[in-house]
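These notes are about the structure you will find just below.
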Amino acid sequence: MCGIIGYIGPKQVTTLLVEGLRRLEYRGYDSAGVAVITNPSSPSSTRELQIVRCRGKLSELEGQLAGAAPQGNVGIGHTRWATHGRPSDENAHPHRFESVAVVHNGIIENYLSLKRSLSERGHSFSSETDTEIIAHLIWEELQRVAPGPDRLLTATQRALKHLEGAYAVVVLCTDTPDEVVCAKSASPLVLGLGDGENLIASDVPALLPHTRRVIFLEEGDLAQLTREKVRVIGLDGVERKRPERVITWSLLAAEKAGYKHFMLKEIFEQPRAVTDTLRGRLSHAPADALLDGYDIDPSKVKRLFVLACGTSFHASLVGKYLIEALARIPVEVDLASEFRYRDPIVSSGDLVVAVSQSGETADTLAAIREAQKKGAQIFSIANVVDSSIPRTSQHSLYTHAGPEIGVASTKAFTTQLVALALLALHLGRRSGRLSEEAAQAFVHDLTSLPAKLTQVLQTAEQLQQLARTYGHCRDMLYLGRGPQFPIALEGALKLKEISYIHAEGYAAGEMKHGPIALIDEGLPVLVLAPHDGGYEKVLSNLSEVKARGGHVIAITTEGDHSLRTLADHVIEVPAVHPLLAPIITVVPLQLFAYYVADFKGTDVDQPRNLAKSVTVE
Ligand code: AGP
């Protein structure tokens, strides 16, 4: 989720680029940089490509620019959210090779093979990033394109044909100083149209100080920006007409892409976040999961622990069902805050999986250090590259959810479930417990998740209505069985932490052991009842609630008509492998919690007493 800004026009560009990046800071980043063509009107031999970049915040970059800002009026800027390669000066964008500079947002899946073939042609590299190879590829193509008005556009078009994966890329070249070229595939880019100037950015807020006239690029678009005009073509070179739009949002609304809160935006980002987390990590023939170069031999794993806090703990509980079902390896899930003080029975040969969005949670960090002292190997699943927990681990698998701004975790949770599903698949195939046929079916359903998430998000209006109906209640109960039990816990936590309404998540089978005493007239009970192994039993729990006057909101598989006579409200979700269903069934609960909190007027993105990352005990 990097921030990109590009400009060509009459203004001094360096300050403009930094200001544009500042308007994209909310996207989260760990390094920043700018590239400027100085003396663009002079002969190419004296034109320079000046690049200033560094790890850290924009204030660090401004410190480096102070008194030595490149002078020019064509440039590009970038704030980097690390995916490949740790945050560092060398990995910061822009990247260059010879006369070409690029900035990039996305993940190039085949960058290692491209890097190898470039090395065989004599290229060498100064960073760990996938982005750097794009500058080398464009430069190579430039050498094959005759001088002319479209030289950089043509070279970029040819170079991009080698890439597989997601990219929003913006390119500068001192050989062609009167144009900026960009291209979009699966990562956003928007053009800003001015008078004698034109801009490009990864998001609208960076454009608003200059223009409200924009063009949103679409899949496979390339665009050429000069001072006078912008031109859009496809990878096939054919001109494409894109509508010009006028932005009416305020700056703050634009940072949320028009959503009222970051949390709602992040709930709706889940299809993209899951797509990015799966990217490059699934093998279809044979069916398998690739863990970014990490191979686990289950025969060498004595015991497997999963440690986490809060929502990440709920994801870990689902992970237990996934790993035990697919790999038949016993899994012990622990609250990190309990594990660290229990003098845990851990030793060498044990594998500890730490799950954390921030990668900075003090209890989780302390717990893995305790496990490490006792000889365990640590594998972390985190959303922030190079944060403390991954840095303490032998290996990490990053969820590519992008920065999660809302304190209540949503897209981080579903991408953690995806990462745990990949781990379970990986272990299942290597333990020999998961057949090719079963693995194929699992991979098929994993691949279907983004589309099914998009479908389940269409229940938003229905959940908003339910939030108005039940938003005044003081207590709510959430019930689920099997892998849906952790989702009952997660749904209850979401409601508690942003609406301040008391809610409890319970294993549906536990109702008769106490909680059923809570049921009385009008108590809302949200029941997770997808068509899985526990469905029939959940129906009887649901009937027990109804018989005592409770109001039942059932989340079930689409096409289920029997529940309509049993429950007061039915939310239908698409069918998917029962072990992946939690990724789908959690979404209505996220939406319900959001709309109840919005109905109550609480501070949804920054709930009282809570921090996004609990770095203290
Ligand atoms: C979840 O909505 C909360 N923000 C909180 O429970 C969070 O999951 C917990 O503090 C763990 O944080 P982490 O994933 O960054 O380790």
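The values are calculated or read from the model by the stated rules, or taken from the named source; none is laboratory data. All values derive from a computational prediction rather than experimental measurement. We place every Cβ from the backbone using ideal geometry, glycine too, and count neighbours over all the protein chains shown. The accessibility values were calculated without ligands, DNA or RNA, using every heavy atom of the protein model including side chains. Shrake-Rupley method; radii C 1.70, N 1.55, O 1.52, S 1.80 Å.
Rundown of residues vs (1) open to solvent by less than 40 Å² (accessible area, probe 1.4 Å); (2) aliphatic (A, V, I, L, M); (3) part of a loop (DSSP other than H, G, I, E, B); (4) more than 14 Å from the ligand (Cβ to nearest atom), yes/no style:
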{"position": "Leu326", "(1), (2), (3), (4)": "yes, yes, no, yes"}
{"position": "Arg342", "(1), (2), (3), (4)": "no, no, yes, yes"}
{"position": "Ile345", "(1), (2), (3), (4)": "no, yes, yes, yes"}
{"position": "Gly349", "(1), (2), (3), (4)": "yes, no, yes, yes"}
{"position": "Ala354", "(1), (2), (3), (4)": "yes, yes, no, no"}
{"position": "Thr364", "(1), (2), (3), (4)": "yes, no, no, no"}
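Glu197 falls short on exactly one of the conditions (1) within 28 Å of the chain's Cα centre (by Cα); (2) modelled with pLDDT of 95 or more; (3) over 15 Å from Val246 (Cα atoms), and that condition is (1). Counting only helices (runs of 4 or more DSSP H) that sit wholly inside segment 84-181, those with at least 3 residues that are modelled with pLDDT of 95 or more and open to solvent by 40 Å² or more (accessible area, probe 1.4 Å) are 111-120. Looking across Gln462, Gln394, Gln455, one residue alone is under 24 Å from Arg303 (Cα atoms) and either surrounded by fewer than 24 Cβ atoms within 10 Å (Cβ to Cβ) or within 16 Å of the ligand (Cβ to nearest atom) (or both). It is Gln394. Scanning segment 280-310 for residues that are within 16 Å of the ligand (Cβ to nearest atom) and part of a loop (DSSP other than H, G, I, E, B) returns a single hit, Cys309. Pairing residues of segment 286-304 that are over 10 Å from Leu423 (Cα atoms) with residues that are among the acidic types (Asp, Glu) and surrounded by 15 or more Cβ atoms within 10 Å (Cβ to Cβ), at Cβ distances under 7 Å and at least 6 apart in sequence or on separate chains, gives Lys302/Asp350; Arg303/Glu332; Arg303/Asp350.
Across segment 371-389, what is the number of residues that are open to solvent by 40 Å² or more (accessible area, probe 1.4 Å) and either part of a helix (DSSP H, G or I) or in contact with a Leu (Cβ under 9 Å, 6 or more places away or on another chain) (or both)? Residues in segment 371-389 being open to solvent by 40 Å² or more (accessible area, probe 1.4 Å) and either part of a helix (DSSP H, G or I) or in contact with a Leu (Cβ under 9 Å, 6 or more places away or on another chain) (or both): 3 in total. The residues of segment 558-612 that are away from the ligand (no atom under 16 Å from the Cβ), aliphatic (A, V, I, L, M) and open to solvent by 40 Å² or more (accessible area, probe 1.4 Å), listed by number, are Leu566, Ala575.
Picking from residues in segment 371-391 that are among the β-branched types (Val, Ile, Thr) and more than 9 Å from the ligand (Cβ to nearest atom), the one that is farthest from the chain's Cα centre (by Cα) is Ile378.
Name the single residue, out of those in segment 189-206 being assigned to a loop (DSSP other than H, G, I, E, B) and touching a residue at least 40 places away in the same chain (Cβ under 8 Å), that is nearest to Asn73 (Cα to Cα). Among residues in segment 189-206 that are assigned to a loop (DSSP other than H, G, I, E, B) and touching a residue at least 40 places away in the same chain (Cβ under 8 Å), the one nearest to Asn73 (Cα to Cα) is Glu197. Among the residues of segment 234-259, those that are assigned to a loop (DSSP other than H, G, I, E, B), open to solvent by 40 Å² or more (accessible area, probe 1.4 Å) and not small (Gly, Ala, Ser) comprise Leu235, Asp236, Val238, Arg240, Lys241, Arg242, Pro243, Glu244, Thr248, Trp249, Tyr259. Has segment 448-465 got at least one residue that is at negative phi and outside any helix (DSSP H, G or I)? Checking segment 448-465: not a single residue is at negative phi and outside any helix (DSSP H, G or I).
Quick check on Ile368: is it away from the ligand (no atom under 14 Å from the Cβ), in contact (Cβ under 8 Å) with a residue 60 or more places away in the chain and touching a helix residue (DSSP H, G or I) at 6+ places or on another chain (Cβ under 8 Å)? Here the answer is no, as Ile368 does not meet what is asked.
Residue count for segment 219-233 under the criterion of being outside any loop (DSSP other than H, G, I, E, B) and within 17 Å of Pro188 (Cβ to Cβ): the result is 6.
Taking the conditions exactly as written (open to solvent by less than 10 Å² (accessible area, probe 1.4 Å) and among the β-branched types (Val, Ile, Thr)), does Ile519 satisfy them or not?
Here the answer is no, as Ile519 does not meet what is asked.
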